[in-house]
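This report concerns only the one structure given below.
None of the figures in this text is laboratory data; all of them are computed from the coordinates on show. Just so we're clear, the structure is a prediction, and the values are computed from it rather than from any experiment. Cβ placement follows ideal geometry from the backbone for every residue including glycine, while neighbour counts extend to all protein chains displayed.
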């Protein structure tokens, strides 16, 4: 009998699968939306300028938190850590907010035109 041992899914992975079954997005796209949502919420709630690096912190912390759970589950299920996948997820979560901050700072430094 070549049966594979059953791999128990963690509550975190079950939640992710449940959300992805409702929202028609790929896992990578969810990371992008979560990152931008954290950035936008931080800018709005704390009334920060778009170019504030402080607005990046909550999204980065959320991304790290998600990846800690993913790495834990990788270790339990496969016996090793998938560092490349976790790094890709952290980048996907934070790249657009970082681009917005850089763009806002560049636009803010342009000389003002007098009308």
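Annotation: residue 69 fulfils all but one of (1) under 25 Å from residue 13 (Cα atoms); (2) exposed (fewer than 12 other Cβ atoms within 10 Å of the Cβ); the unmet one is (2). Scanning segment 72-87 for residues that are loosely packed, with under 15 Cβ neighbours inside 10 Å and in contact (Cβ under 8 Å) with a residue 24 or more places away in the chain, we see that the one that is nearest to residue 39 (Cα to Cα) is 72. Quick one: which of 62, 43, 32 is in contact (Cβ under 8 Å) with a residue 12 or more places away in the chain, touching a helix residue (DSSP H, G or I) at 6+ places or on another chain (Cβ under 8 Å) and farther than 30 Å from residue 8 by Cβ? After applying the criteria, what remains is 43.
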